[in-house]
Amino acid sequence: AAFTRFSRAALVSALSTWRLFAVAAQAATNISATTTDHWAWNDIVQWINFYGTNSVVVTSQRLTGYASSSIGDVSLDCVTTRNGDICLQSNYWVTNDGAGNLSGWGWNDAAGWISFDCGNHGCPPNYRVYIDGSGFFQNYAWNDVVGWISFNCGNHGCPPNYKVATSWAPTSTVATLDSATYDTQSSGGAQLNSVLWLGNQPPGTA
């Protein structure tokens, strides 16, 4: 499906309206209470509040709880819905691989399944929601009824300034390392045979 560019005027207007109804600070969730740091956006649903229900918790294994929106709850797992454990009727969750890469499915009664990773049903288009090293959600989720759900305006342009942030942050990162050029002094060139890593592995890590 094609990506829809967000209407900045609509976003500013809607954000101003939602701020009037901000929920008082609560403690159970580890989503940020900062005014701009607990909102996702969808062109049809508009604001999705990940803080106001005081239920969304990010762990190294999964997301639990539910966010609120104009079309009802966005449930992140079947165990901790507003109605309690419904896993016997429908078994679903949003997983975290420990490095912040999210996958799996959320649910909304009006719109249906919300995919956090295109690997759930096939790519392209390529998309995946992830949490960066600072605890900020990045990228987009997808729903067949309402389309893209944006978790961070930085992925397509701010203002208005919005994002979803959590106090949880990945304990490891995945990256690449390019070595300096090394002269083998072999006129015929050289082929890399192996790479050895020498280091100390802290307890409790893999």
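The values are calculated or read from the model by the stated rules, or taken from the named source; none is laboratory data. The shown structure was predicted, so the numbers you read here are calculated from the model rather than taken from an experiment. Counting neighbours? That spans all protein chains shown, and the Cβs are built from the backbone with ideal geometry, glycine included. We work out accessible area using only protein heavy atoms, side chains counted, and drop any ligands, DNA or RNA first. Shrake-Rupley method; radii C 1.70, N 1.55, O 1.52, S 1.80 Å.
Do the conditions hold for D132, that is, is it free of Cβ contacts under 8 Å to residues at least 40 places away in the same chain and within 19 Å of D97 (Cβ to Cβ)?
yes
Which one of these does G157 not meet: (1) open to solvent by less than 30 Å² (accessible area, probe 1.4 Å); (2) more than 19 Å from L63 (Cβ to Cβ); (3) not in a loop (DSSP other than H, G, I, E, B)?
The number of the failed condition is (3).
Being surrounded by 17 or more Cβ atoms within 10 Å (Cβ to Cβ), in a strand (DSSP E or B), over 12 Å from the mean Cα position of the chain (by Cα) and aromatic (F, W, Y), is that true of even one residue in the range 145-152?
Step one: list which residues in the range 145-152 are surrounded by 17 or more Cβ atoms within 10 Å (Cβ to Cβ), which gives 146-152.
Checking the rest, the ones that are also in a strand (DSSP E or B) come to 147-150, 152.
Next, from what is left, pick out any that are over 12 Å from the mean Cα position of the chain (by Cα): 147-148.
Next, only the ones that are aromatic (F, W, Y) stay: 148.
Yes; the residues of the range 145-152 include at least one that is surrounded by 17 or more Cβ atoms within 10 Å (Cβ to Cβ), in a strand (DSSP E or B), over 12 Å from the mean Cα position of the chain (by Cα) and aromatic (F, W, Y).
Just need a number here: residues in the range 181-202 that are open to solvent by less than 100 Å² (accessible area, probe 1.4 Å) and of a type in the set (A, V, I, L, M). Step through it out loud before you land on a result.
Narrowing the range 181-202 to residues open to solvent by less than 100 Å² (accessible area, probe 1.4 Å): 184, 186, 188-190, 194, 199, 202.
Right, trim to of a type in the set (A, V, I, L, M) and you get 190.
Matching residues across the range 181-202 total 1.
With (1) touching an Asp or Glu at 6+ places or on another chain (Cβ under 7 Å); (2) under 21 Å from Q46 (Cα atoms); (3) not acidic (D, E) as the list, and W93 as the residue in question, which single condition is left unmet?
(2) is the only condition that W93 fails.
Is it the case that V129 is within 25 Å of T35 (Cβ to Cβ) and touching a Leu at 6+ places or on another chain (Cβ under 8 Å)? Walk me through how you get there before you give the answer.
Numbers: within 25 Å of T35 (Cβ to Cβ): yes; touching a Leu at 6+ places or on another chain (Cβ under 8 Å): yes.
Here the answer is yes, as V129 does meet what is asked.
Within the range 121-136, is there a residue that is of a type in the set (S, T, Y) and under 18 Å from I44 (Cα atoms)?
Of all residues in the range 121-136, those of a type in the set (S, T, Y) come to 127, 130, 134.
Subset that is under 18 Å from I44 (Cα atoms): none.
Looking for residues that are of a type in the set (S, T, Y) and under 18 Å from I44 (Cα atoms), one finds none in the range 121-136, hence no.
Is there a residue in the range 3-14 that is at pLDDT 95 or above and within 17 Å of P160 (Cβ to Cβ)? Explain how you work it out, then say what you get.
Applying the first criterion (at pLDDT 95 or above) to the range 3-14 yields none.
No, the conditions are met nowhere in the range 3-14.
Among the residues of the range 197-205, is there at least one that is under 26 Å from T64 (Cα atoms) and among the hydrophobic types (A, V, I, L, M, F, W, C)? Show your work before the answer.
First, the residues of the range 197-205 that are under 26 Å from T64 (Cα atoms): 204-205.
From what's left, among the hydrophobic types (A, V, I, L, M, F, W, C): none.
No, the range 197-205 has no match at all.
For the range 28-66, enumerate the residues that are surrounded by fewer than 23 Cβ atoms within 10 Å (Cβ to Cβ) and among the aliphatic types (A, V, I, L, M).
A28, A33, I44, V45, V57
Any residue at all in the range 88-99 that's in a loop (DSSP other than H, G, I, E, B) and surrounded by 19 or more Cβ atoms within 10 Å (Cβ to Cβ)?
Within the range 88-99, the subset in a loop (DSSP other than H, G, I, E, B) is 88-92, 97-99.
Adding the requirement that they be surrounded by 19 or more Cβ atoms within 10 Å (Cβ to Cβ) leaves none.
No, the range 88-99 has no match at all.
For the range 125-159, how many residues meet the condition of being farther than 22 Å from N54 by Cα and either in contact with a Cys (Cβ under 7 Å, 6 or more places away or on another chain) or aromatic (F, W, Y) (or both)?
The qualifying residues number 7.
Do we have any residue at all in the range 54-74 that's touching a strand residue (DSSP E or B) at 6+ places or on another chain (Cβ under 8 Å), acidic (D, E) and assigned to a strand (DSSP E or B)? Steps first, please.
Quick first cut of the range 54-74, residues touching a strand residue (DSSP E or B) at 6+ places or on another chain (Cβ under 8 Å) only: 55-74.
If we keep only those that are acidic (D, E) too, we end up with 73.
Cutting the leftovers down to assigned to a strand (DSSP E or B) gives us none.
Checking the range 54-74: not a single residue is touching a strand residue (DSSP E or B) at 6+ places or on another chain (Cβ under 8 Å), acidic (D, E) and assigned to a strand (DSSP E or B).
Among the residues of the range 31-48, what is the count of those that are over 21 Å from T59 (Cβ atoms) and either hydroxyl-bearing (S, T, Y) or assigned to a strand (DSSP E or B) (or both)? Before you say what the answer is, go through the steps one by one.
Taking the range 31-48 first, the residues over 21 Å from T59 (Cβ atoms) are 35-36, 39, 41-47.
Filter again for either hydroxyl-bearing (S, T, Y) or assigned to a strand (DSSP E or B) (or both), leaving 35-36, 39, 41-42, 46-47.
The number of residues fulfilling the criteria is 7.
Part of a strand (DSSP E or B), in contact (Cβ under 8 Å) with a residue 12 or more places away in the chain and under 12 Å from the mean Cα position of the chain (by Cα): does that describe A169? Walk me through it before giving the result.
Working: part of a strand (DSSP E or B): no; in contact (Cβ under 8 Å) with a residue 12 or more places away in the chain: yes; under 12 Å from the mean Cα position of the chain (by Cα): yes.
The answer is no for A169.
Would you mention how many residues in the range 103-124 are in a loop (DSSP other than H, G, I, E, B), in contact with a strand residue (DSSP E or B) (Cβ under 8 Å, 6 or more places away or on another chain) and either among the polar types (S, T, N, Q) or surrounded by fewer than 16 Cβ atoms within 10 Å (Cβ to Cβ) (or both)? It would help to see each step written out before you state the result.
If we filter the range 103-124 for residues that are in a loop (DSSP other than H, G, I, E, B), which is where we start, we get 109-111, 116, 121-124.
Now narrow it down to the ones that are in contact with a strand residue (DSSP E or B) (Cβ under 8 Å, 6 or more places away or on another chain): 111, 116, 121.
Checking which are either among the polar types (S, T, N, Q) or surrounded by fewer than 16 Cβ atoms within 10 Å (Cβ to Cβ) (or both) leaves us with 121.
Qualifying residue count for the region: 1.
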